[in-house]
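Please read the structure below before turning to the comments.
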Amino acid sequence: MSRPAKWSLRLLAFLAITFVLMLSGMFDPLAESLKYAVTDLMNYIPTEKIEPYPDRVEDNYFTMYIVLNALVAGIAIFLGEKIIR
């Protein structure tokens, strides 16, 4: 299989696994429990524009949810490739 085809297949599988994980809601409780801790941690990073705390909490919740799902999808792709070889 050519390199572009292999990377296209990897990217498609990554996006599909991430999408399925997001629909399943598997990491919703974890992201929910981490949203205040991450927001408090992010308060120490100086930014130009300060947003209200509730807006940052919801933004960080969504970001944590996406990052956790993408991380697991990446690990699944890596392990899948190692098992296939």
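None of the figures in this text is laboratory data; all of them are computed from the coordinates on show. Keep in mind that this is a model prediction, so the values were computed, not measured. With ideal geometry, Cβ positions are generated from the backbone for all residues, glycine too; neighbour counts draw on all protein chains shown.
Remarks
- Counting only lysines at least 8 places from K82 when in the same chain, those with an alpha carbon closer than 21 Å to its own are K6.
- Counting only DSSP H runs of at least 4 residues, each contributing -39500 (n - 2.57), and dividing by the residue count of the chain, the helix-based mean residue ellipticity at 222 nm comes to -28500 deg cm²/dmol.
- Within the listed set P54, P46, P29, the residue fluctuating most in the Gaussian network model of the chain (springs between alpha-carbon atoms under 10 angstrom) is P46.
- Residue among E32, E58, E48 with the largest mean-square fluctuation in a Gaussian network model of the chain, springs linking Cα atoms under 10 Å: E48
- Here the ratio of the Cα radius of gyration of the chain to 2.2 N^0.38 Å is 1.40.
- Cβ-based charge dipole, segment 3-84, positive-most Cα from F62, L30, A16: A16
- Crossing angle, helix 3-24 versus the chain [Cα axis fit, 0-90 degrees, rounded to tens]: 50 degrees
- About the Cα centre, charge dipole magnitude for the chain (Lys/Arg +1, Asp/Glu -1 at Cβ), debye: 760 debye
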